Amino acid sequence: GSQSLGTRRPGPAPRRDQLSAIAVCSGKGSPGATFVAANLAAALSRANEETVLLDLDPAGGDLCCYLGLDPRRGLYPLLRMEGTISGTARLLTEAEERSGFHVLSGLPESSDLASTGVLAEALGAASASGRIVVADLGRIFETNAPIAATCDLVLLVVRADLVSVLGAERALRQL
């Protein structure tokens, strides 16, 4: 039967060996998804989980600014110079360590480089490292919705206002 959200009981939490990728996203800009993603990666690291925080926001991400990352490293410079992600080892050479976890900055702004294929390739390469990947997807668009769908867990961050709730509803339809 159908249950309201208030009475639904959550299923069992995934076992560690089943959890490899967590998408953090929103339906409306700036509800705090990057803040949640960065703190989730830090919490996983404190729990002794090897973690990679990956900025996959196709509209341009903020992790570089939030965490004081080198803008000459990360996904954007890699794609600009090489045009592709040639595997896990190459992707991880672009990562920087912060608070016990690895971080890969993304695109500084919306770019043609942020195709669904490239974002999927980045997530796949990071996941192949054997670490838990926390992917900051930003606002859900048709470009990144398929990426969220491949993750083991999707966290949809919503502000407590009507516009954000309506944006979340739109995002859920795309997922």
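The values are calculated or read from the model by the stated rules, or taken from the named source; none is laboratory data. All figures in this text were calculated on a predicted structure; none of them were measured in a lab. Here the Cβ positions follow ideal geometry from the backbone for every residue, glycine too, while neighbour counts run over all protein chains shown. Ligands, DNA and RNA are excluded from the accessible area calculation, which covers all protein heavy atoms including side chains. Shrake-Rupley method; radii C 1.70, N 1.55, O 1.52, S 1.80 Å.
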So ALA149 passes all but one of these: (1) over 20 Å from ALA59 (Cα atoms); (2) open to solvent by 60 Å² or more (accessible area, probe 1.4 Å). Which condition number does it fail? (1)
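Restricting to the range 152-164, name every residue that is open to solvent by less than 80 Å² (accessible area, probe 1.4 Å) and part of a helix (DSSP H, G or I). Break it down stepwise before answering.
Kept after step one, since they are open to solvent by less than 80 Å² (accessible area, probe 1.4 Å), are these residues of the range 152-164: 152-158, 161, 164.
Scanning the range 152-164 gives a single hit, SER164.
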Report, by residue number, each residue of the range 86-110 that is open to solvent by less than 40 Å² (accessible area, probe 1.4 Å), in a loop (DSSP other than H, G, I, E, B) and under 21 Å from GLY138 (Cα atoms). GLU94, ALA95, SER105, GLY106, LEU107
Set LEU44, LEU40, LEU54, LEU79: member being touching a helix residue (DSSP H, G or I) at 6+ places or on another chain (Cβ under 8 Å) and either within 17 Å of VAL133 (Cβ to Cβ) or not in a helix (DSSP H, G or I) (or both): LEU54
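Regarding ALA23, is this residue in a helix (DSSP H, G or I) and at pLDDT 95 or above?
Working: in a helix (DSSP H, G or I): no; at pLDDT 95 or above: yes.
Considered against the rule, which asks whether it is in a helix (DSSP H, G or I) and at pLDDT 95 or above, ALA23 comes out as no.
Assess whether THR143 counts as being in a loop (DSSP other than H, G, I, E, B) and under 16 Å from PRO58 (Cβ atoms). Show your work before the answer.
Numbers: in a loop (DSSP other than H, G, I, E, B): yes; under 16 Å from PRO58 (Cβ atoms): yes.
It is true that THR143 is in a loop (DSSP other than H, G, I, E, B) and under 16 Å from PRO58 (Cβ atoms).
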Which residues, taken from the range 59-77, are buried (at least 18 other Cβ atoms within 10 Å of the Cβ) and under 18 Å from VAL118 (Cα atoms)? GLY61, GLY74, LEU75, TYR76
Only one of (1) modelled with pLDDT under 90; (2) within 17 Å of CYS64 (Cα to Cα); (3) surrounded by 15 or more Cβ atoms within 10 Å (Cβ to Cβ) is not met by PHE141, so which one is it? (2)
Within the bounds of the range 64-72, is there any residue that is within 23 Å of ASP161 (Cβ to Cβ), of a type outside the set (Lys, Arg) and either modelled with pLDDT under 95 or assigned to a strand (DSSP E or B) (or both)? yes
